[in-house]
Ligand code: NAP
């Protein structure tokens, strides 16, 4: 049983859908004040409504310094402090190298990696004023560990988050701030719902635990990294992928049977 985080405040970027929504709901359930952030105000407000009176929605584009500054200011105005940042917002538009434009590349890096720097910078004064805090990044297995055609820009952004994390963890350690990352495998989100049973079954077949991850699987890891009990963990990653990155070949999966 983890010590209660009741009354602490978390900002969840990209909290309106998918993994971020799962994180926001889980942290809300654990009693934290939750600022749910996405570009769509209506979506962020809807998730906050589902959490309850300890949550609110806020519209910001986290790829901009102004958006991140406004988000941090809003959390402090509403709740008096920031204790945890879950930097989760991200996009994954596919484009193979032969077609990828510099604008495609910049958009993914800006939304996934630049936003990590900008959101961390924006909450730093409040985390410092609180005497310490937790930063949890949502990275991915794609980039840090694996590759997937169409996602070279995405993989670079997700691996880049980990490079950022390792130095940030050292720089922020004297302030009592830890910086860690969760690396999700294939997680079942609203975005996958329309892909069809065959597509899902093919994905499941490549995972030793034989199911896609749930947003709760990721949220539980994020909540642990945000906990008192994780105080001595910084600059680290937790891969939550049902063993997906383990098989060294198709043969290894077939040999499971
Ligand atoms: P999703 O369902 O598409 O949700 C993305 C969230 O980010 C939405 O709330 C979206 O809201 C927000 N967002 C996007 N751009 C933003 C911006 N510029 N400013 C503020 N908010 C922004 O995605 P997901 O699948 O949950 O993925 C969430 C994170 O997990 C991403 O970092 C992704 O790389 C990572 N991940 C996902 C999987 C997976 O299997 N799903 C696997 C590995 C890693 P708006 O569009 O309204 O802004």
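The values are calculated or read from the model by the stated rules, or taken from the named source; none is laboratory data. The shown structure was predicted, so the numbers you read here are calculated from the model rather than taken from an experiment. Note: ideal-geometry Cβ built from the backbone for every residue, glycine included; neighbour counts use all protein chains shown.
Numerical summary
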{"quantity": "Any hit, the stretch 202-223, residues being under 30 Å from residue 102 (Cβ atoms) and within 19 Å of the chain's Cα centre (by Cα)", "calculated": "no"}
{"quantity": "All positions within the stretch 222-249 that are closer than 15 Å to residue 139 by Cβ, out of contact with any helix residue (DSSP H, G or I) (no Cβ under 7 Å at 6 or more places or on another chain) and crowded, with 20+ Cβ neighbours inside 10 Å", "calculated": "225, 239, 241, 244"}
{"quantity": "Filter result (under 17 Å from residue 72 (Cβ atoms), within 11 Å of the ligand (Cβ to nearest atom) and not in a helix (DSSP H, G or I)) within the stretch 17-58", "calculated": "36, 37, 38, 39, 57, 58"}
{"quantity": "Residue count, the stretch 81-102 (criterion: more than 16 Å from the ligand (Cβ to nearest atom), within 24 Å of residue 180 (Cα to Cα) and surrounded by fewer than 22 Cβ atoms within 10 Å (Cβ to Cβ))", "calculated": "1"}
{"quantity": "Count - residues of the stretch 202-224 that are closer than 30 Å to residue 256 by Cβ and assigned to a helix (DSSP H, G or I)", "calculated": "13"}
{"quantity": "So residue 252, is it away from the ligand (no atom under 13 Å from the Cβ), in a helix (DSSP H, G or I), surrounded by fewer than 16 Cβ atoms within 10 Å (Cβ to Cβ) and free of Cβ contacts under 8 Å to residues at least 24 places away in the same chain", "calculated": "yes"}
{"quantity": "Test: residue 195 is more than 30 Å from residue 5 (Cα to Cα) and in contact (Cβ under 8 Å) with a residue 12 or more places away in the chain", "calculated": "no"}
{"quantity": "Leading residue by the ranking (farthest from the ligand (Cβ to nearest atom)) among those in the stretch 68-80 that are in contact with a helix residue (DSSP H, G or I) (Cβ under 8 Å, 6 or more places away or on another chain) and farther than 12 Å from residue 36 by Cα", "calculated": "76"}
{"quantity": "All positions within the stretch 228-243 that are in a loop (DSSP other than H, G, I, E, B) and out of contact with any strand residue (DSSP E or B) (no Cβ under 8 Å at 6 or more places or on another chain)", "calculated": "232, 243"}
{"quantity": "Residues being in contact with a helix residue (DSSP H, G or I) (Cβ under 9 Å, 6 or more places away or on another chain), more than 11 Å from the ligand (Cβ to nearest atom) and not in a strand (DSSP E or B) - total across the stretch 164-201", "calculated": "9"}
{"quantity": "Only listed residue being away from the ligand (no atom under 15 Å from the Cβ), buried (at least 18 other Cβ atoms within 10 Å of the Cβ) and closer than 17 Å to residue 70 by Cα, chosen from 13, 9", "calculated": "9"}
{"quantity": "Which listed residue is more than 17 Å from the chain's Cα centre (by Cα), surrounded by fewer than 20 Cβ atoms within 10 Å (Cβ to Cβ) and closer than 22 Å to residue 23 by Cβ, from 147, 132", "calculated": "132"}
{"quantity": "Residue 50 being at pLDDT 95 or above and out of contact with any helix residue (DSSP H, G or I) (no Cβ under 8 Å at 6 or more places or on another chain)", "calculated": "no"}
